[in-house]
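I have placed the structure first, in the form of structure tokens, so that the comments after it can refer back to it.
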Amino acid sequence: MQHCNFLLIGQGLAGSTLALCLVAQGQKVQVIDNLDTNSASRVAAGLFNPITGNQFVKTWQADVIFPALFNFYTKAEQTLQHRFFFPLPLYKPLDSIEKQNAWLAESSDPSYALYVDTQNPSDQYNQTVFNEFGGITLKQTGYLNVKEYVEATTRYLQAQSIFENSKFIENEVVIKDNKVHYRQYVADHLIFCGGYKDANSRLWSWLPFSPAKGDILFVDFEQGSYEHIINRGCWILPMAAGYYKVGSTYHWDEFNEIPTERARKELTEKLDKLSRLPYQIRQQVAGVRPSSSDRKPFIGQHPAYKQYWLFNGFGTKGVSLVPYYAQQFAAALVGKGAIEPIVNVARSYKKYGLSKSF
Ligand SMILES: Cc1cc2nc3c(=O)[nH]c(=O)nc-3n(C[C@H](O)[C@H](O)[C@H](O)COP(=O)(O)OP(=O)(O)OC[C@H]3O[C@@H](n4cnc5c(N)ncnc54)[C@H](O)[C@@H]3O)c2cc1C
């Protein structure tokens, strides 16, 4: 029997970050993951951007989650001795006078100053993007190469012999003497970090998950280049390796990792309205985001079985949200803090009574 304080199921972005936070607190951790090659974390673009959408809305919690993400991923690169965090400015060309006015109204809010770059590369992009109305440049933007981050974390956990590559079978878990027993492991707590697949769990299916499938294209531009992330309708992300990612789509009617023709068409139509450069598509990937119906994470304890916890629901913004909430959750788990009510699964406990099936 191997004893641990926390048995984590799933080591995507959420499980990786929580494991690192708990290990840093001196906790005994064991992680199980079946290394699903198409998990959201392994296909995600990993963008972080404090001001999103057509109406230039500041991301929920931006002023706390952005300092946390810069701090966390920079330190993680040192701990894991690998490069995966790439701050990179984002250029957003505007497509009408109305958008110029909308931006002027929003940007007069002094709290936006932190995120707007006064250096504007508008002219630089006249030949390569449809740029008639100029644009704005955002800072504190960039991308996490999530696949590299997750893989570096797996190696780190393997080196400490606290990682197992296997498929977790929920029906094999038993609670005995207040402890969780699963195969050779005896844990004080079991934490589910399984992404959208936790929506099918016997323990968590009562929660209002709303998974969203997304596709991304990998493209080559042969007659020009982009130094910034370019974003309008879709985004173009220059990867350190020399190619570009273009994405992404949102579909709520299918939950699988198979790239589709409809997504490819949607993305190429959007790209054709943004970029003037000819391109070749070299690959297409798809994954499913673990979103919740109120777009807030699901963090906290099962209403009936106190040994079971969930760290999930990071949806479209996992890269920005996970570091801040992993640190908050890890502190709460060791009795040094609390989980904010707005992200706590307790906000949905009422639904549990309706669908209790075991
Ligand atoms: C196309 C696309 C683009 C995206 N772009 C961005 C972006 O630009 N910026 C951003 O912030 N976010 C983006 N996201 C969202 C981001 O990927 C997610 O928020 C984040 O990766 C979720 O991480 P997770 O660890 O909760 O889930 P996952 O990445 O799904 O990880 C779950 C892990 O659990 C494991 N697992 C599940 N069940 C079992 C089991 N029974 N046994 C063993 N292991 C199991 C899986 O193998 C996997 O490793 C994107 C997602 C997609 C699909």
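The values are calculated or read from the model by the stated rules, or taken from the named source; none is laboratory data. Keep in mind that what you see is a predicted model, and the values were worked out from it rather than measured. Cβ sites come from the backbone with ideal geometry, for glycine too, and all protein chains shown count toward neighbours.
Brief remarks follow.
- Test for Phe133: is it touching a strand residue (DSSP E or B) at 6+ places or on another chain (Cβ under 8 Å), surrounded by fewer than 21 Cβ atoms within 10 Å (Cβ to Cβ) and in contact (Cβ under 8 Å) with a residue 40 or more places away in the chain: yes
- Test result for Ala152, free of Cβ contacts under 8 Å to residues at least 40 places away in the same chain and among the aliphatic types (A, V, I, L, M): no
- Each residue in the stretch 38-48 was checked for being within 6 Å of the ligand (Cβ to nearest atom) and in a loop (DSSP other than H, G, I, E, B), and 4 pass.
- Unique residue being touching a strand residue (DSSP E or B) at 6+ places or on another chain (Cβ under 9 Å) and touching a residue at least 60 places away in the same chain (Cβ under 8 Å) when the list is Val173, Val219: Val219
- Inclusion of Ile191 among residues that are at negative phi, of a type in the set (A, V, I, L, M), within 11 Å of the ligand (Cβ to nearest atom) and outside the structural domain of Ala241 (by TED's automatic domain parsing) is not warranted.
- Taken over the stretch 243-271, residues that are surrounded by fewer than 13 Cβ atoms within 10 Å (Cβ to Cβ) and either part of a helix (DSSP H, G or I) or in contact with a helix residue (DSSP H, G or I) (Cβ under 7 Å, 6 or more places away or on another chain) (or both) amount to 4.
- Taking the stretch 196-241 as the region of interest, the strands (runs of 3 or more DSSP E) fully inside it that hold 1 or more residues being surrounded by fewer than 20 Cβ atoms within 10 Å (Cβ to Cβ) are 212-221, 234-238.
- Flag for Leu13 being in the same structural domain as Phe163 (by TED's automatic domain parsing) and either touching a Cys at 6+ places or on another chain (Cβ under 6 Å) or near the ligand (Cβ under 7 Å from one of its atoms) (or both): yes
- Residues that are outside any helix (DSSP H, G or I) and hydrophobic (A, V, I, L, M, F, W, C) were ranked within the stretch 16-37; the one that is surrounded by the fewest Cβ atoms within 10 Å (Cβ to Cβ) is Leu35.
- The selection criterion, being surrounded by 15 or more Cβ atoms within 10 Å (Cβ to Cβ), within 14 Å of the ligand (Cβ to nearest atom), in the same structural domain as Pro303 (by TED's automatic domain parsing) and hydroxyl-bearing (Ser, Thr, Tyr), does not hold for Tyr156.
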